[in-house]
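Below is one structure, written out as structure tokens, with a few remarks after it.
The values are calculated or read from the model by the stated rules, or taken from the named source; none is laboratory data. In this text the structure is predicted, and so the values were computed from the model without any measurement. Counting neighbours? That spans all protein chains shown, and the Cβs are built from the backbone with ideal geometry, glycine included. Remember, those area values only see protein heavy atoms, side chains included, never the ligands or the DNA or RNA. Shrake-Rupley method; radii C 1.70, N 1.55, O 1.52, S 1.80 Å.
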Amino acid sequence: MILVGHQLAAATVAVLVAVWLLRSRWTHTHPRAALILWQISMLTLVVSAIGALLGFGLAPYRRGLLPALLDLPPVFHELDIWHAAAVLAGLALAGWLVVNQLLCLRSTARARARHRLLLQLVARHDTDALVVDHPVAVAYCLPGRTPRIVVSQGARRLLTDAELDAVLAHERAHASERHHLVVAPFQALRRLLPSSGLLTRVCATIELLVEMCADDKAVRQHGRETLASALERFHANGTGGTPAGALAVADTPVQARIRRLRDPDRFAFPLAWPVACLLVLTALSTSAALFAVPL
Ligand SMILES: [Zn+2]
């Protein structure tokens, strides 16, 4: 039961850090630091939830979780109903998460491949991006091994040259920093539990932070006002939606991003961040170690 207690303590740390992140305002000033903490926290929560179930189920064997699992099949019938149910629940949860993640990755990869084929037919190469001859203003990054930056003629007409450069820099930041890999696990969790308001909120928070990271990179090259006015034009003009699997310049709450660019809060980097990082990393390493080490 000590093992279960450790896993529950790790899950509690992860939840507390996630709640702190959801309530904090500094995250919009330091989106990259917030994203790092979000990723570690969610991984800790998943690992410790599975570890708690398996820890309870395999407690009679007094071994690390993985060695006990490997030797389980011949002696599974010796477990009482509660321990057996906990083992099955832990394995089902792990399998459910992995299969769902793989299915999401596959469906997104297929959607991107279809869209890439479509772009080969309708888009033409320009110096910086693929240009689609369409009046609706859109700009997005189609991520992948060979990412594509796509912009419509409508967007080129809508924006000044400087604004267009800022938008393209934003999209290139998505591609170079592989933001789709940051967002994917959270989107997969949301697809697993689409009715969960909390997961929807967490996912929206992650998507917004990713946009802010791309905004920050574009701002370093082109200035705050240039990107803000480009976003404002997109917002006033409306956008034509984003293809599945793409990251668009104006998908997330644009007004919050414009406000942040023009009137940044400038919160100091929180001293609690390294403490929270250390806590949640300790929780994660403890949770993971208990899979191999007997307690
Ligand atoms: Zn974006």
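Quick check: the angle from helix 179-192's long axis to the longest principal axis of the chain, C-alpha only, nearest 10 degrees?
Taking the Cα atoms of the chain, the angle to 179-192 is about 60 degrees.
Can you list the residues, at least 5 places off or on another chain, whose amide H is less than 5 Å from the amide H of residue 293, using H built in the peptide plane?
Correct list: 65.
Which whole-angstrom value gives the distance between the alpha carbon centres of the range 19-98 and the range 168-229?
That distance is 27 Å.
So, R0 is 35 Å and r is the distance between the beta-carbons of residue 43 and residue 236; what FRET efficiency does that work out to, to 0.05? Show your work: numbers first, answer last.
Values: r = 39 Å, r/R0 = 1.13.
About 0.35, to the nearest 0.05.
Once you place label points 7 Å from the Cα toward the Cβ at residue 255 and residue 111, how far apart are they in nm?
2.6
Can you pull the Rg over Rh of the range 139-220, Cα-only, Kirkwood?
1.05
At 1.4 Å probe size, with every protein chain present, just tell me what the per residue accessible area of the range 115-192 comes to in Å².
Working: 3730 Å² over 78 residues.
Per-residue value: 48 Å².
Please state the charge dipole magnitude for the range 1-93, taken about the Cα centre, from unit charges on C-beta atoms (+1 on K and R, -1 on D and E), reported in debye and rounded to the nearest 20.
Numbers: 5 positive and 3 negative charges, 110 e Å.
That gives the range 1-93 a dipole magnitude of about 520 debye.
Roll a 1.4 Å probe over the protein chains and send me the accessible area per residue for the range 20-113 in Å².
Values: 4950 Å² over 94 residues.
Here the per-residue accessible area is 53 Å².
Along the range 161-172, what does the Karplus equation 6.51 cos²θ - 1.76 cosθ + 1.60 (θ = phi - 60°) give for ³J(HN,Hα), rounded to whole Hz, x for Gly and Pro?
4, 5, 5, 4, 4, 5, 5, 5, 5, 4, 5, 5
Please list 133, 216, 165 in order of solvent-accessible area, largest first, computed with a 1.4 Å probe with all protein chains present.
Values: 133 125, 216 35, 165 65 Å².
Reading off the accessible areas and sorting them downward yields 133, 165, 216.
So for the chain: antiparallel DSSP bridges make up what percent, rounded to the nearest 5?
Numbers: 9 of 12 bridges.
Bridges in the chain are about 75 percent antiparallel.
In deg cm²/dmol, rounded to 500, what helix-only [θ] at 222 nm does the chain give when every DSSP H run of at least 4 residues adds -39500 (n - 2.57) and the total is split over its residues? Display every interim value, and only then the final one.
Details: 11 runs with 200 residues, N = 295.
-23000 deg cm²/dmol, from helical runs alone.
For the range 113-169, give the percent of accessible area contributed by carbon and sulfur heavy atoms, probe 1.4 Å, rounded to a whole number. Working shown, then result.
Details: 1620 of 3040 Å².
In the range 113-169, the share of accessible area belonging to carbon and sulfur is 53 percent.
Starting at the first residue of the range 9-21, write each ³J(HN,Hα) from the Karplus equation 6.51 cos²θ - 1.76 cosθ + 1.60 with θ = phi - 60°, in whole Hz, x for Gly and Pro.
Listing the rounded values in order: 5, 5, 5, 5, 4, 4, 5, 4, 5, 5, 5, 4, 5 Hz.
Taking θ as phi - 60°, what are the ³J(HN,Hα) couplings along the range 265-271 by the Karplus curve (6.51, -1.76, 1.60), each to the nearest whole Hz, with x for Gly and Pro?
Values, residue by residue: 6, 6, 5, 5, 4, x, 5 Hz.
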